Amino acid sequence: MTKLLIAASGTGGHIYPALSVVEALPESWDVCWLGVEDRLEQAVLPQEYELITIPVQALQAKGIRGFMQSIKLCFSIVFVVRLILRKKIEVVFTTGGYISAPTIIASKLCRVPIILHESNAFPGKVTRLLGRFCDQVALGIPIAKEHLKNCNLIFTGTPVRSEFLYPHPLPSWIPIDISPLIVVLGGSQGAVGLNKMVRNILPSLLKKGYRVVHIIGINDNKSGINNPNFVERTFTEEVAGLLHHADLVISRSGAGALSELAVCHTPAILIPYPYAADNHQDLNAAYIAQFGGALIIHENVSAGQPLLNSIVRLLETSRTDDYQGNTLLNEMSKGMENIAVRDAHLCLVDIIRKYI
């Protein structure tokens, strides 16, 4: 029985790609999952995978606080070393983030092969610092290689959940009509700035007869707007159905969301998170835009009108009385299709097998 350690924590962008890989493994494999307390993995990880948590934090503070974080990192390394030895782990797979730092160091100390997947166009701090110590660094976006040196690199794309790879029905709670469907993804945690931009123009969108579905996330409050063509939800597990049927999506530009949009061939307007580390969401969005799959609008107090103008331009161009789509959206859909990678999870399984 092959023993695999997965280190993926914090956000869907780290957890779901790892979960896609694990679900493609043979059932005979013994999988242990390394996470952090009170993070998303506690809620979404299936019970058949053993979850072990460690108290690790990002090394961002300075002074006494930074020193204490360094001490915690050292303890985390020791913890992972003991875990690898106790579980007789044969190979390690991680998707980046600060949980990767102690995992990579511990794996090298134990001489256990480790594969790191980096999903963003601009690699994270851990990938830039410790990628050279990994046996393989797999890239979700090929231009990330420009920022990495002395690493064993391979482009695989970013794995997506299986439900995005096949057509899904329109969720039953969406108004059925022939009018264009706009889906706004505020993110699982709640993209408050993006949500505010959309709410500022929502009356104009509804006045034009568009259907709007707004997933606002858990950290924002509902607007209370009552309109038969408007649905507002904190969270949904039917995102795949939304993306397969949406005429246009408004979203942040996290790597995971972009991969899901690409495999669904869904045109998008991207509003990068302005405080993302190293502005990596801007670079992710730029990569999609260069293939014509998306437009980019930056978040600011005056961006509501440009956002409205862009939406109307995309949806109204070549619009017919019995709405059937239009040239601009079709071209954007083709752009998304051109960058879609549907077998990233299988590529990563092959790489993991190679290092057993």
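The values are calculated or read from the model by the stated rules, or taken from the named source; none is laboratory data. Remember, it's a predicted structure, so these values are computed and weren't measured experimentally. Here the Cβ positions follow ideal geometry from the backbone for every residue, glycine too, while neighbour counts run over all protein chains shown.
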- Task: Please work out if residue 346 is assigned to a helix (DSSP H, G or I), at pLDDT 95 or above and buried (at least 19 other Cβ atoms within 10 Å of the Cβ).
- Result: no
- Note on the structure: Only unsatisfied item for residue 224, checking (1) more than 25 Å from residue 330 (Cβ to Cβ); (2) touching a residue at least 40 places away in the same chain (Cβ under 8 Å), is (2)
- Query: Considering region 190-235 alone, what residues qualify as being among the polar types (S, T, N, Q) and in contact with a Leu (Cβ under 9 Å, 6 or more places away or on another chain)?
  - Reply: 200, 204, 223, 227, 229
- Query: charged (D, E, K, R), over 28 Å from residue 345 (Cβ atoms), out of contact with any Lys or Arg (no Cβ under 9 Å at 6 or more places or on another chain) and at pLDDT 80 or above: does that describe residue 82?
  - Reply: yes
- Residues of region 271-314 that turn out to be of a type outside the set (A, V, I, L, M, F, W, C), in contact (Cβ under 8 Å) with a residue 40 or more places away in the chain and assigned to a loop (DSSP other than H, G, I, E, B), as a count: 5
- Can you tell which of 5, 51, 19 is free of Cβ contacts under 8 Å to residues at least 24 places away in the same chain and hydrophobic (A, V, I, L, M, F, W, C)? 51
- Note on the structure: Restricting attention to region 223-281, the residues that are of a type in the set (Gly, Ala, Ser), modelled with pLDDT of 95 or more and more than 20 Å from residue 11 (Cβ to Cβ) number exactly 2
- Identify the residue in region 153-182 that is of a type in the set (S, T, N, Q) and not in a helix (DSSP H, G or I) and, among all such residues, is surrounded by the most Cβ atoms within 10 Å (Cβ to Cβ). 158
- Return the residue satisfying two criteria in turn: it lies in region 242-287 and is in contact with a Leu (Cβ under 9 Å, 6 or more places away or on another chain) and of a type in the set (Asp, Glu), and of such residues it is surrounded by the fewest Cβ atoms within 10 Å (Cβ to Cβ). 247
